[in-house]
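Asks: Let me give you the structure first, and then I'll get to my questions.
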Amino acid sequence: MNRLHLYMSKLMRPEPTGGNASISAKPLPSIVLTPSAVAEIRRRMSLKPEDSGKMLRLWVEAGGCSGLSYEMEFASEQKESDVKFEFDGLVVLVEGRSMSYISGMTLDYSDKMVNGGFQFSNPKAKRSCGCGTSFSV
């Protein structure tokens, strides 16, 4: 398989369901970054010495053509509300409030002249704009 997958759903969180020893498992949220997305993020980090060793923070905010937009930045510190993922040594932080919008999302990167750049594939998006960075649920 040519994609890096982080299946947090394989890690289960026990949850009491009643009774003495009854426990059920609830999957944790997950996201996926492809190897090309990881490589491009690392490349961009290497362009500025001050970004070296930082983490990538992803979040969703109101705005864009479709109502919500994906945002990314390099971060040096993890916030208490961040959900932490790791892809081949790259640490990705997702703002806790944004997980409900992007759980299950795949982030890819293409260097094609047409439709190139970061591409978000979000199963929760009901509609997205042509630029690919704005969506609605």
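The values are calculated or read from the model by the stated rules, or taken from the named source; none is laboratory data. On a predicted model such as this, the values are computed, not experimentally measured, just so you know. A quick note on method: Cβ atoms are made from the backbone with ideal geometry, for glycine too, and the neighbour counts reach across all protein chains shown.
Asks: Does the range 66-79 include one or more residues that are exposed (fewer than 14 other Cβ atoms within 10 Å of the Cβ) and in contact with a Leu (Cβ under 6 Å, 6 or more places away or on another chain)?
Replies: Yes - at least one qualifying residue is present in the range 66-79.
Asks: Has the range 51-67 got at least one residue that is assigned to a loop (DSSP other than H, G, I, E, B) and at pLDDT 95 or above?
Replies: Going through the range 51-67, the residues assigned to a loop (DSSP other than H, G, I, E, B) turn out to be 52-54, 63-67.
Adding the requirement that they be at pLDDT 95 or above leaves 54.
Yes, there is a match, as at least one residue in the range 51-67 is assigned to a loop (DSSP other than H, G, I, E, B) and at pLDDT 95 or above.
Asks: Pull up the range 121-137, narrow it to residues that are assigned to a strand (DSSP E or B) and surrounded by fewer than 18 Cβ atoms within 10 Å (Cβ to Cβ), then point me to the one that is modelled with the highest pLDDT. Give the steps one after another, and end with the answer.
Replies: Just the residues of the range 121-137 that are assigned to a strand (DSSP E or B), to begin with: 121, 127-128, 134-136.
Imposing the further condition that a residue be surrounded by fewer than 18 Cβ atoms within 10 Å (Cβ to Cβ) reduces the set to 121, 127, 136.
Working: S121: 86, R127: 58, S136: 50.
Only one residue fits best here, namely S121.
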